[in-house]
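The next block holds one structure in the form of structure tokens; read it before the comments.
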């Protein structure tokens, strides 16, 4: 016989339960040499499989010592046992322990890659041993497609390809018919000529003609240990290219059998990637299940994080005051030049070029003026009968203050489906389904609640000269018209003076009026409302008092005589119709501030920072108008944030529990990999890589889905996406990858316990 490979001295093993202790082995003393084909027999529960597991490094012992090549193993740690299984032992199991979804070739390659072999050589070696066991031509078949005998041959080929000096077989014929079982026994016999083969069998008669030694275990003790078939010719020999005669070197050449592989350096990441990739592509259904689940988690986390980003700014908890800016708009910035000078066309172009700026409106003040054009939607008429005058009286009730003026600065010809941009006077552009409205006029009312006195309104007939492409309620007016309705804010105070008081040497009546242009008037002709027409007639005094550079009224004023027309205006009392030349005499357009509309409130700080670097001062109208906190809104914000945080924590628990359960599906595969010698840290790498890739795919799918919903115009998604800047996406990715990492770590702890058990 050859040299001693395994020596057991006084080996004992017990299993402990809550209420009992079972002694599986008692003081076992055995020696195994190269060239032996040993059959270990015994009834069920006798301890024969436990003995084989201890020899194979799959189980520990309580007492005694096992020597491998005359070296004691008492000092072995987990890594040493992994190396022992990897380089010293080849396994053949009753249940074959194949990875069913791998190909026949990949099942053998797996063992070689675990040993550190490069993939090219591993494939060449695998093909060679498949030929030796009669499986040539089955390389690309899945292991599940083989017959029982073919599976066992594949299991032997995998053990043989590792080129180890020891092969252990646990009931290798237990699931085979007698003829196939005898072929497997004959194959193992041939392998034992230059190896140590130790086989556990319940059917000794089948192996009796082939084995060289019989060991019988009873009640955990060796009761028979005798040599058999000494000097007899073995039956059932293999072909001349038997692995007993030949094996493969790392470069693919044939070398003498029996040389063990030791000290090869592993390539952990590359090896782990091979297995992770195989797991994904050989089980697309299972991979899809993982990706779908992780995508559900990713979508949920995306929405929850998005809500947190939305509520990060406490502006949502404040009450809006419309005293300064009547239009409550969170995307509006008011911009001035830092030096206080008027804005120019060059400035407007610079502002439009700033990232995340949508439009720039030079008529800032007009952006707080409401317009009402749809009867029974924006306004309604109320009728009453005056019995004294025997007249029907019509008044206006304004229903909705949601529509605000914007000038044609905000659009270009590319925005038009039909017609042209408004150029002068009361020309406007609006949306319609066709061009049938072109050239028509529509009556419209205007109110400026924080500019004009309460209850005052102006009406005008608007001429439609252009139709917009995109559906919107917004109407765009000429800059001239917008300036006219807001001009007295930065121009001065206009008064009609009458009822002179000689005692105080001034007029008793000097109402402040808003001058508006009437194209039918010329020179100093003016027209007043019916409410003051009876008090003024003919020539009266007009007084203009302008503002200084600090916005204060100048004490000195300008006076001239105007001619009041007999017919009256249709507007409310505070409007004074004047000729165009008279209007231009006292008002010259000069805009010191503009309204800049940005893509989203989320971009406020970014845009304001860019404007400041360019030499402009900017303020957010919603921020300066929101000062006082509303307790209910504060509570609602905190409640939403608490729900989101709770949801994110719930996702952690859900993923750990559910994903870990899904990963248990792969438990058997990892058992197989451990049997063929894979290190636990390599198994962990495979888990991290595989789930990490699935998670990345899920994140990409989630982001693509959210962008699709954003482009589809889903409001809540569109608004939320503005908050997903680099920081937001980073938090989203880190959260999901960390969540997957925590789940894999939990699974690996479970796996390690199961494997060790």
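Since every read-out is calculated from the coordinates, none of them should be taken as a lab result. Given the structure is predicted, the values throughout are model-derived calculations rather than measurements. Because the Cβ atoms are built from the backbone with ideal geometry, glycine has one as well, and the counts that use them run over all protein chains shown.
Quick look at the values:
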{"read-out": "Estimated FRET transfer efficiency when R0 is 35 angstrom, pair residue 435-residue 561 (beta carbons, to 0.05)", "value": "0.15"}
{"read-out": "Reciprocal of mean inverse Cα separation for segment 391-534 (Kirkwood radius, Å)", "value": "17.8 Å"}
{"read-out": "Extension reserve of the residue 60-residue 705 stretch, reckoned as 0.36 nm per residue once the Cα distance is removed", "value": "227.0 nm"}
{"read-out": "Separation between Cα centres of segment 499-573 and segment 26-95, rounded to whole Å", "value": "113 Å"}
{"read-out": "Hull volume in cubic angstrom per residue (convex hull over the Cα atoms of segment 43-116)", "value": "125 Å³"}
{"read-out": "Pairs of alpha carbons in the chain whose separation is greater than 50 Å (percent)", "value": "48 percent"}
{"read-out": "Tail fraction, Cα-Cα pairs, segment 16-80, threshold 13 Å, whole percent", "value": "72 percent"}
{"read-out": "Footprinting exposure proxy for 406, 352, 637 (fewest neighbouring C-beta atoms within 10 Å first)", "value": "352, 637, 406"}
{"read-out": "Centre separation in Å (Cα based) which lies between segment 724-747 and segment 351-410", "value": "49 Å"}
{"read-out": "Calculated FRET value between residue 281 and residue 221, using beta carbons and R₀ = 56 Å, to 0.05", "value": "0.65"}
{"read-out": "Contour minus Cα-Cα distance for residue 401 and residue 471 (0.36 nm per residue)", "value": "23.2 nm"}
{"read-out": "Helix 78-87 vs. the chain, principal-axis angle (Cα, 0 to 90°, nearest 10)", "value": "60 degrees"}
{"read-out": "Convex hull per residue volume in Å³, alpha carbons only, for segment 1-135", "value": "164 Å³"}
{"read-out": "In nm, spacing of pseudo-spin labels at residue 385 and residue 605 (7 Å Cα→C-beta vector)", "value": "6.5 nm"}
{"read-out": "Separation of alpha-carbon centers, segment 144-193 and segment 667-685, rounded to whole Å", "value": "21 Å"}
{"read-out": "Fraction in percent of alpha-carbon pairs per bin - 10 Å, segment 625-757", "value": "10, 29, 28, 18, 10, 4, 1, 0"}
{"read-out": "Kirkwood-type radius of segment 488-586, with distances r between different C-alpha atoms, in Å", "value": "13.9 Å"}
{"read-out": "Tilt relative to the chain, helix 604-613 - C-alpha long axis, 0 to 90 degrees, to 10", "value": "70 degrees"}
{"read-out": "Label zone at residue 416, where the point sits 7 Å out along the Cα-to-Cβ direction: segment 422-437 residues whose backbone N lies under 12 Å", "value": "422-424, 428-430"}
{"read-out": "Rg over Rh, two decimals, segment 4-266 (C-alpha only, Kirkwood Rh)", "value": "0.96"}
{"read-out": "Whole-number percent relative contact order across segment 488-586, with pairs defined as alpha carbons under 8 Å at least 6 apart", "value": "37 percent"}
{"read-out": "Two-site label geometry, residue 463 and residue 664: point separation in nm, points 7 Å out along Cα→Cβ", "value": "8.0 nm"}
{"read-out": "Mean Cβ neighbour count within 10 Å, used as a protection proxy, ranking 296-304, 565-573 highest first", "value": "296-304, 565-573"}
{"read-out": "Taking segment 369-470 and dividing mean pair separation by its residue count, relative contact order in percent (alpha carbons under 8 Å, at least six apart)", "value": "30 percent"}
{"read-out": "Ellipsoid semi-axes in whole angstrom, largest first, where each is sqrt(5λ) of the Cα gyration tensor of segment 369-470", "value": "31, 16, 12"}
{"read-out": "Label-to-label distance, nm, for residues given as residue 681 and residue 203 (7 Å Cα→Cβ offset)", "value": "4.4 nm"}
{"read-out": "FRET efficiency, residue 321 to residue 554 (Cβ-Cβ, R0 41 Å, nearest 0.05)", "value": "0.85"}
{"read-out": "By average C-beta atoms within 10 angstrom, highest first, the peptides 126-139, 448-461, 685-698", "value": "685-698, 126-139, 448-461"}
{"read-out": "C-alpha long axis of helix 268-282 to longest principal axis of the chain, angle in °", "value": "80 degrees"}
{"read-out": "Relative contact order %, the chain, counting alpha carbon pairs below 8 Å whose residues are six or more apart", "value": "14 percent"}
